[in-house]
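Heads up, the thing below is written out as structure tokens.
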Amino acid sequence: MKVAKSIAQLRAWRKRRLGRVVFVPTMGALHAGHAALVRAARKLAGPGGTVVVSIFVNPIQFGPKEDFASYPRPLKNDLAVCRTAGADAVFVPSPQEMYFDDRSVFVDESLLSASLCGQSRPGHFRGVCTVVAKLFLIVQPTHALFGEKDWQQLAVLRRMVRDLNFPVEVAGHPTVRESDGLATSSRNVYLNPSERALASRIHAALLAGAGKKSPTTVESTASRLISAIPGARIDYVEAVHAETLQPLTSRKFPGRLAAAVFLGATRLIDNIPLPPTP
Ligand code: AMP
């Protein structure tokens, strides 16, 4: 497995690859969800194809009061996870090489980014779009895989690829969960044992909400159950159209029930499908 620590190294290695190149961008602190993405990428690449993983904690997608400095960076373990899951190359660029101090060009998706996480994390999706656009231009993948756990991110990036004509096919991967339903996340390590025990109630609340008929009852049921979790503070609980992320007006349409919840100091996000009903 090639480990490229500079853009030049990655580009030189990429030049020699023919056929499919399937790309999995990550911020590291890899867990079972990331490993599943890399294994799915291996499958999608097919015989003769290539799987590239990037590990880069992207400074410009964090707000000033967020956890950029303390975000876990266990690189040695991450490389082992990539190798076991079948990556051919891992790209680990430095922030200095990725960003000039006087950078002045960004990629801004202005519609889907405005709701949900965009409300409480201003500038977050601009940071995500900018880094993914840069990584696409460096890695030049034919395909890219993203997790449905970050549903809004997936929708925003699909829109970026569509509107800017990136020659990349974007695919989503279902959310990987712990046995009690909690979505695996690099931020779960921030939870203390009692918060960790309570965290599974977020997914359970979403499932209970999804069983209801109208989008408003879906939302109110999930909100009520999440509010009852000791120490939980809701950022949002919303039923949205799966593609446009606009408020879901009817369960005739494909929807998504999405939530962001603080458990103590840790902000957790999750979402589940609201399949259309006749
Ligand atoms: P991150 O390192 O958190 O930026 O995530 C890198 C990629 O892994 C993104 O496409 C995420 O959506 C995806 N991912 C993170 N957690 C999960 C999970 N529990 N299940 C599936 N995909 C995930």
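Per-structure values
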read-out: Selection count where residues are under 20 Å from PHE146 (Cβ atoms) and more than 7 Å from the ligand (Cβ to nearest atom), scope the range 183-194; value: 2
read-out: Output for the range 231-256, where each listed residue is crowded, with 18+ Cβ neighbours inside 10 Å, touching a residue at least 40 places away in the same chain (Cβ under 8 Å) and over 16 Å from the mean Cα position of the chain (by Cα); value: GLU238, VAL240, GLY255
read-out: Residue within the range 195-213 that is under 28 Å from LEU111 (Cβ atoms) and in contact with a Ser or Thr (Cβ under 6 Å, 6 or more places away or on another chain) present; value: yes
read-out: The range 189-244, subset among the basic types (Lys, Arg) and part of a helix (DSSP H, G or I), residue nearest to ALA171 (Cα to Cα); value: ARG201
read-out: ASP163 among the acidic types (Asp, Glu) and more than 10 Å from the ligand (Cβ to nearest atom); value: yes
read-out: Residues within the range 131-144 that are open to solvent by less than 20 Å² (accessible area, probe 1.4 Å) and away from the ligand (no atom under 14 Å from the Cβ), tallied; value: 3
read-out: The range 35-47 - residue that is open to solvent by 60 Å² or more (accessible area, probe 1.4 Å) and either closer than 18 Å to ILE138 by Cα or free of Cβ contacts under 8 Å to residues at least 40 places away in the same chain (or both) and, of those, farthest from the ligand (Cβ to nearest atom); value: PRO47
read-out: Verdict on SER94 being within 16 Å of the ligand (Cβ to nearest atom) and of a type in the set (Ser, Thr, Tyr); value: no
read-out: Condition check for SER186: open to solvent by 20 Å² or more (accessible area, probe 1.4 Å) and of a type in the set (S, T, N, Q); value: no
read-out: Pick from the range 18-29, criterion open to solvent by 30 Å² or more (accessible area, probe 1.4 Å) and more than 15 Å from LEU135 (Cβ to Cβ), ranking: nearest to the ligand (Cβ to nearest atom); value: ARG20
read-out: Filter pass, ALA32 being modelled with pLDDT of 95 or more, within 11 Å of the ligand (Cβ to nearest atom) and open to solvent by 10 Å² or more (accessible area, probe 1.4 Å); value: yes
read-out: Qualifying residue in the range 191-204 (condition: surrounded by fewer than 16 Cβ atoms within 10 Å (Cβ to Cβ) and among the hydroxyl-bearing types (Ser, Thr, Tyr)); value: yes
read-out: Extreme residue, surrounded by the most Cβ atoms within 10 Å (Cβ to Cβ), among residues of the range 213-227 that are in contact (Cβ under 8 Å) with a residue 24 or more places away in the chain and more than 12 Å from LEU274 (Cα to Cα); value: ALA222
read-out: Matching residues in the range 99-120 - criterion: being crowded, with 16+ Cβ neighbours inside 10 Å and either of a type in the set (Val, Ile, Thr) or touching a residue at least 60 places away in the same chain (Cβ under 8 Å) (or both); value: VAL107, LEU112, SER115, LEU116, CYS117
read-out: The listed residue being open to solvent by less than 10 Å² (accessible area, probe 1.4 Å) and closer than 28 Å to LEU10 by Cβ, out of GLY127, GLY123, GLY172, GLY147; value: GLY127
read-out: Any hit, the range 1-8, residues being open to solvent by less than 70 Å² (accessible area, probe 1.4 Å), more than 16 Å from the ligand (Cβ to nearest atom) and either within 15 Å of ALA144 (Cβ to Cβ) or among the β-branched types (Val, Ile, Thr) (or both); value: yes
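The values are calculated or read from the model by the stated rules, or taken from the named source; none is laboratory data. This structure is a prediction, so every number in the text was calculated from the model and none was measured. In this analysis, Cβ positions are derived from the backbone assuming ideal geometry, glycine residues included, and neighbour counts consider all displayed protein chains. Only protein heavy atoms, including side chains, enter the accessible area calculation; ligands, DNA and RNA are left aside. Shrake-Rupley method; radii C 1.70, N 1.55, O 1.52, S 1.80 Å.
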